[in-house]
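Below is one structure, written out as structure tokens; the observations come after it.
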Amino acid sequence: MRTAYNVETVRTAERELMARLPEGALMQRAAAGLAAACADLLGRVYGRRVVLLVGSGDNGGDALYAGARLARRGAGVAAVLLAPERAHGGGLAALRRAGGRTVAPGGAEELIERADLLLDGIVGIGGKGGLRPDAARLAEAAERSRAVVVAVDLPSGADADTGEVRGAAVRADLTVTFGTHKPGLLIDPAREYAGSVRLVDIGLALPEEAEVEALQHADVRRLLPVPAGESDKYRRGVVGIAAGSARYPGAAVLAVYGALRGGAGAVRYVGPAGDAVIARFPETLVSDRGPKQAGRVQAWVVGPGAGDDASAVAEVLASDVPVLVDADGLRLADRDAVRARTAPTLMTPHAGEAAALLGVAREEVEGARLASARELAGRYGATVLLKGSTTLVADAGGGAVRVNPTGTAWLATAGSGDVLSGLAGSLLASGLSALDAGSVGAYLHGLAGRFAADGAPVGAHDVAEAVPAAWRDVTDA
């Protein structure tokens, strides 16, 4: 499991460690890891041009000490001091002893243009809001430069705790972060600014429960349902799909396709698209008598392509089994009915649907994904899977929010979400919790999207077809 902790937790762990170490030792650990990462990128350090963008405080100190190490290996190092009077004294002295020099921001653009590597030490993990004008001009110059940009701990201008970017920020090719990941390194829009992320272990002792966590192959492998010798289709779980309409029969077909690939023993379909479903998937158990009369299921998926069929949504929500609500079902679901449920509920909105449920603009959800997922989970008393460039799963009971590390931009295609809803619903029916079903479903769906696309456009049916390959990739790892 990859974990991320908020700034307050990191600061506390740093203070506890510094109390046991000689003065300055922790910063030297960070600077050594930072310099090593820069050297790896440069390949040959001697003769390379390195420019440090240095703000006040410890973040700037890390950059200065790392710059000193690179200067001692023969790099030409210049530090642009945004606040000379508040620059880290020890780091500045070390840089000058190693042969580095300092310049004012006004004369920095030409240096940045000719640099091989830029080290962003403007603002640390405690920074809030966008960059100030002088720093913003340096960030813009860095983006125009052909140099490799390395951020110290977090790209300056990004919010470490939330992943929000409120104004100008540095766009890095690599972020070298210390001790632990920060939520902003895993959540868009800040994740996009971070580039690749390299974690340097500096010896922090951190709590067991993180702020954000991301499943890895081993975690997903432990959660995947595996049939035993005595299993039959009913013991493996039956998932009900209440989806589709005369206008959107394809949504039903795709949701069933995802469910058939999700590990449950059988799929029951209820809705007006029965002919389309049975023609494509004859193994599906089709009914036209409504969810109440469909027969026993261990979980329901309701909403994809449902149009205005509020009765089916109400019937499913009144059931005593886990329910996944997607697409039109989100609009039709009564909030009080969701909150009153005793069985788990998993809601799977994209940013636009989440915005409508929260009564805010879509841009607000996209800019504050972590806060939006938590807010929606709290309002509905449900687990929320917020789809998008970073898919988040927030549990109704709080705790760490899961961020999905798989996926591809090619998954932004019609019907992809229907496949995900069927897949995650099938995992619910096989016995996974709403949190696990949502996060494992998103993981497999994202991995299948990568395999199906392979760098080219992909259709939703291709994604469903690739789920077994994703499943095998996880279990064979």
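The values are calculated or read from the model by the stated rules, or taken from the named source; none is laboratory data. Please read these numbers as outputs of a predicted model, since none were measured by experiment. With ideal geometry, Cβ positions are generated from the backbone for all residues, glycine too; neighbour counts draw on all protein chains shown. Surface accessibility is based on the protein's heavy atoms, side chains included, excluding ligands, DNA and RNA. Shrake-Rupley method; radii C 1.70, N 1.55, O 1.52, S 1.80 Å.
Take each peptide in 245-255, 146-156, 424-434, 69-79, count the other Cβ atoms within 10 Å of every residue, and average; sorted highest first, the result is 424-434, 146-156, 245-255, 69-79. Taking only the alpha carbons of segment 1-114, we obtain Rg and Dmax values of 15.0, 45 Å in that order.
Relative to the first principal axis of the alpha-carbon coordinates of the chain, what is the inclination of helix 25-42, with its axis defined by its Cα atoms, in degrees from 0 to 90 and to the nearest 10? On a 0 to 90 degree scale, this one is about 80.
Here segment 112-249 is assigned +1 on the Cβ of each Lys and Arg and -1 on the Cβ of each Asp and Glu. Its dipole about the Cα centre then comes out at about 520 debye.
With the whole protein complex present, Phe281 retains an accessible surface near 10 Å², based on a 1.4 Å probe. Within a straight-line Cα-Cα reach of under 15 Å, Lys292 can be paired with the following aspartates and glutamates, leaving aside sequence neighbours fewer than 8 residues apart in one chain: Asp309, Glu315, Asp320.
The coefficient of translational diffusion for segment 58-178, derived via Stokes-Einstein from the alpha carbon Kirkwood radius under 37 °C and 0.692 mPa s, stands at 230 µm²/s. Each peptide among 411-417, 463-469 gets the average number of other Cβ atoms lying within 10 Å of its residues, and from highest to lowest they stand as 463-469, 411-417.
Where q = 0.12, 0.13, 0.20, 0.22 Å⁻¹, what log10 of I(q)/I(0) comes from the Debye formula for segment 344-437, counting one point per Cα? Listed by q, the Debye log ratios stand at -0.34, -0.40, -0.98, -1.17. Protein heavy-atom surface of the chain, 1.4 angstrom probe: 47% of the accessible area is carbon and sulfur, with nucleic acids and ligands not counted. Solvent-accessible area of Glu164, all protein chains in place: 30 Å² (probe radius 1.4 Å, heavy atoms, ligands and nucleic acids excluded). Just name one of Ala314, Leu34, Asn404: the one whose Cα is farthest towards the positive end of the charge dipole of the chain (beta-carbon charges, Lys/Arg +1, Asp/Glu -1). The one lying farthest along the dipole's positive direction is Leu34.
For Lys182, the lysines whose Cα falls under 27 Å of its own Cα, not counting residues fewer than eight places away in the same chain, are Lys128, Lys387. Taking a straight line from the alpha carbon of Lys233, these aspartates and glutamates sit under 17 Å away, with near neighbours fewer than eight places off in the same chain left out: Glu283. Note on mean projected area of the Cα convex hull in nm²: of the candidates [x] 25.5; [y] 23.9; [z] 38.1, the value calculated from this structure sits at [y]. When only alpha carbons of segment 193-300 are considered, Rg and Dmax amount to 20.2, 61 Å. Using the 1.4 Å probe convention, the accessible area of the chain works out to 41 Å² per residue with neighbouring protein chains retained.
Surface listing: His445, His217, His350 arranged by accessible area from highest to lowest gives His350, His217, His445, probe 1.4 Å.
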